Amino acid sequence: MSDDLQQRVYPEDERLRAVQEDPDRRMTRDEWEREESLARQAAHKRHVSVQHDREVQQEHDRKHRAQHRSWGKILLWIGIGIVVMLLIFLIGYLPHRAEAKKAAAAAREREQDEPQVPVLEVKRSSKPGQLTVPGTTAPMTEAYIYARANGYLKKRFVDIGDHVKKGQLLGVIDAPDLDQNVEMARQQLHQAEADEAQQQAQLDLKRVTWERWRTLVAKGVFSRQDGDQRETDYRAQLALVASAQRNVESFRANLNRAIALQSYERVTAPFDGVVTQRNTDIGALVGAGGSSTPPPMNSSNSGNGGSAGASSSNTSGASGNGSSTATPSTGQSSGGALFAVAQVDKLRILVAVPEGYATSIVAGMQAQVFLQERTGKPIYGTVTRSTHSIDANTRTMLAEVDLDNHDGRLNPGMYTVVTFVQVRGTPPLTVPGDAIVVRQDRTMVAIVRDMKVQMVPVEIGRDYGPSVEILTGLHEGDHVITTVTDGVRQGAKVRPLQQSGENGEDASGKGGQQTNQVPNAGPNEYGDQSIVNQKSESTNDQGKKGGGTGGGQQGSGGKQSQDKSSK
């Protein structure tokens, strides 16, 4: 291509040839040489310009050809990729789509195929049962003995556990101010008696004087004015004697008062009993203002012997309060109770009877009392009284059961379980424990209505082990699903399978049964010391545990509940 450009003739070449071959004769040699040089330069410049333009065109053509080749490769690879994707789509997606269609069809078939669920009709028990409630033993009479005199404890004659008699001396308080008050009152009385004697002597003198003047006035020796003056003096002296006598009586009463206050230096027992507390010791400062302070030991028995404290401890769900009452108080107390004396020959138990059983508890009926220290050996007590009133807060009635403790085997404050035999209250509605589930932080039960599942919120009452009492949410005759699985949801269509068995017990006699009977009486029934018919917070926790395993097998769930109740 370069040779072709060199052989091509341009006008500048023609001009150079013309200058070389046919020079102008009129020009000088210098002019000709200059003209030839200019023509030669123009021709060279022309060739150089054409060569440059040619190189630029070649470079442009080369780049155009290279770009054309790269786009071709890209399009080729794109085509190959599309072919590969089509192959992958044909090999992978179509079979997966077919499987998805089959799964969707199977799911639609399962949805259309109504599952079969076991249900149980909710009924109330028709058998008489037993009522078991917790309680705490309390003495029939208990008194906190406070100091009535200010001073220091001089002597102490008893300690905790000592048996005392009525009027027995428990301690002596050293109160010098009271002793001095007695002495001062006695001296004041002596002074008043001396004044009375002086006034009485003056009265005798004025009586004799008046009698003499009365005789002389009658004989005319003195005027009647002088006689009246002596009579007036006599009567005035009578008044002074009467005033002195009143003063003597006043000072005598003041002395008796001081002696009575001095007698409070002797602390005595108010009745026969046992010393249960000693909160002071020799040399301790005691005060008469302690009567306004609460008892030093926050025991289950109130200081005034009332039933409010004992009943509150019985509903606390434990054998005594959770405070520091386990440690007997023998420390020194200024202003508090010095001693506590209780009669323990007969004990009483205040129990909270649920509202449904209130009408069955009458005075005179027997009750079985179980103690943790006497496993399996009940002690029989007698119902002596009840409040005949339902507490609006706890929906319970307070009843008292008395126990004979002449042998001293029992102690106040012992945790007990009281069982009333052959009582019949309002029968509770119960469902199997596996029927309780927790969904959306709510305790629910699945029931079947119009062949559809409905999740009903319920409130749990007492836990009988294999069955749970339902307070609200269910009605008699509802059909409860005994085994709640993940497929049991709101609005799902199901086919109910009615379970057979008396009182909700299935044919296998295992889990999922409905037990409308109260638990067997005994101390193990309340081993955790929980209160009967308490609020549903604690039982909701148990319901959550049951709900977490509600999808399991019915037989294993019921067996675990029975094992828990037998512990």
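The values are calculated or read from the model by the stated rules, or taken from the named source; none is laboratory data. In this text the structure is predicted, and so the values were computed from the model without any measurement. Neighbour counts run over all protein chains shown; Cβ positions are idealised from the backbone, glycine included. For the accessible areas, the whole protein counts, side chains as well, though only heavy atoms, and no ligand, DNA or RNA atoms are used. Shrake-Rupley method; radii C 1.70, N 1.55, O 1.52, S 1.80 Å.
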Any chance you could run the full-extension gain for Q200 through R374? It's 0.36 nm times the residue separation minus the Cα-Cα distance, nm to one decimal.
54.8 nm
Cross-link partners among aspartates and glutamates for K63, C-alpha distance below 13 Å, same-chain residues fewer than 8 apart left out?
E55
Length added when fully stretched, D450-K493, from 0.36 nm per residue minus Cα-Cα
14.6 nm
Quick one: with all protein chains in place, what share of the accessible area of the range 429-498 is carbon or sulfur, to the nearest percent (1.4 Å probe)?
45
Surface per residue (accessible, 1.4 Å probe) for the range 344-423, Å²:
48
Rounded to the nearest percent, how much of the accessible area of the range 344-423 (1.4 Å probe, protein heavy atoms only) is carbon and sulfur?
47
When a/c reaches 1.5 or more, the comparison of a/b and b/c decides; with that in mind, is the range 147-269 rounded, prolate or oblate per its Cα gyration tensor?
prolate
Simple spin-label estimate for E459/H475, 7 Å along Cα→Cβ, in nm, reads 1.8
If you take the beta carbon distance between R17 and L76 as r and set R0 to 51 Å, what does 1/(1 + (r/R0)^6) give as a FRET efficiency, to the nearest 0.05?
0.40
At a Förster radius of 60 Å, what calculated FRET efficiency corresponds to the Cβ-Cβ distance of A253 and D441, to the nearest 0.05?
0.20
Calculate the spin-label point distance for V172 paired with T28, positioning each point 7 Å from the Cα along the beta-carbon direction, and give it in nanometres.
17.2
Rounded to one decimal in nm, the spacing of the 7 Å Cα→Cβ label points at Q422 and K219 is 10.6
Whole-Å distance linking the alpha carbon centroid of the range 206-242 with that of the range 335-384 is 81
Heavy-atom accessible area per residue - the range 147-269, 1.4 Å, Å²
64
Going down the table (K123/K346; K102/K493; K123/K377; K154/K346; K73/K102; K102/K452), which pairs top 31 Å between alpha carbons?
K123/K346; K123/K377; K154/K346; K73/K102
Let a ≥ b ≥ c be the square roots of the eigenvalues of the Cα gyration tensor of the range 334-475; is it rounded (a/c under 1.5), or, if not, prolate (a/b larger than b/c) or oblate?
prolate
In terms of the Cα gyration tensor, with a ≥ b ≥ c the square roots of its eigenvalues, is the range 344-423 rounded because a/c is under 1.5, prolate because a/b exceeds b/c, or oblate?
prolate
Using a 1.4 Å probe on the protein heavy atoms, what percent of the accessible area of the range 147-269 belongs to carbon and sulfur?
49
Length gain on complete extension for the stretch V208 to R246, per 0.36 nm per residue less the alpha carbon to alpha carbon distance?
11.3 nm
